[in-house]
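Remarks on the structure that follows.
The values are calculated or read from the model by the stated rules, or taken from the named source; none is laboratory data. This structure is a prediction, so every number in the text was calculated from the model and none was measured. No Cβ is skipped: glycine too gets one built from the backbone with ideal geometry, and neighbour counts run over all protein chains shown. Each accessible area value is taken on the protein alone, full model and side chains, heavy atoms only, with ligands, DNA and RNA left out. Shrake-Rupley method; radii C 1.70, N 1.55, O 1.52, S 1.80 Å.
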Amino acid sequence: MDPWLIWLIVAAVLALAEILTLTAALGMLSAAALVTAGSAAVGLPLPFQFLVFTVVATVTVLFVRPIALRHVLQPQAERFGIDALVGKPAYVVSEVTGRDGRVRIDGEEWTAHAYDETLVIPVGKTVDVIEISGATAIVYPRD
């Protein structure tokens, strides 16, 4: 079997292992094996193939992997979906109590409940969205 084919198989096995483990290290080793397969295909002798693999693996694991992990593990910059509604102001369309009511958030009407069940929030008042529970906004009046 040709050496380039062996390196290609090693690269594929490492890539599959990376997909299953998500460590980023095996992916870097897979890339090193892929580069080594290319060097073996152009006829580089076996000791130099191991040297190419070692150098590329070292460089990718020490320099590329930390950068990749930093990008993957950074916190989400923006909230979206119902999480983006929490903290927004809402306009009371129908009186809000601890049991029912309606508010308008960003142009959409939502069923609403008062955060404090003893509160009665009149129509026209501005409230803050404290939480979204299912399709119901839990709100609290602004002072």
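Residue under question is Ala57, and the condition is that it be open to solvent by less than 40 Å² (accessible area, probe 1.4 Å), within 30 Å of Asp2 (Cβ to Cβ) and of a type in the set (Gly, Ala, Ser); does it hold? Against the criterion (open to solvent by less than 40 Å² (accessible area, probe 1.4 Å), within 30 Å of Asp2 (Cβ to Cβ) and of a type in the set (Gly, Ala, Ser)), Ala57 qualifies. Thr23 meets the conditions (1) hydroxyl-bearing (Ser, Thr, Tyr); (2) modelled with pLDDT of 90 or more; (3) farther than 30 Å from Ala135 by Cβ in every case but one. The failed one is (2).
Restricting the search to region 63-87, which residues are surrounded by 12 or more Cβ atoms within 10 Å (Cβ to Cβ) and closer than 30 Å to Asp116 by Cα? Ile82, Ala84, Leu85, Val86 - these are the residues of region 63-87 that are surrounded by 12 or more Cβ atoms within 10 Å (Cβ to Cβ) and closer than 30 Å to Asp116 by Cα. Taking the criterion of being free of Cβ contacts under 8 Å to residues at least 12 places away in the same chain and open to solvent by 70 Å² or more (accessible area, probe 1.4 Å), the residues of region 22-49 that qualify are Leu22, Val42, Pro47, Phe48. Close Cβ contacts (under 8 Å, 6 or more residues apart or on different chains) running from residues in region 71-85 that are within 18 Å of Asp128 (Cβ to Cβ) to residues that are open to solvent by 100 Å² or more (accessible area, probe 1.4 Å) comprise Ala84/Glu78; Leu85/Asp106.
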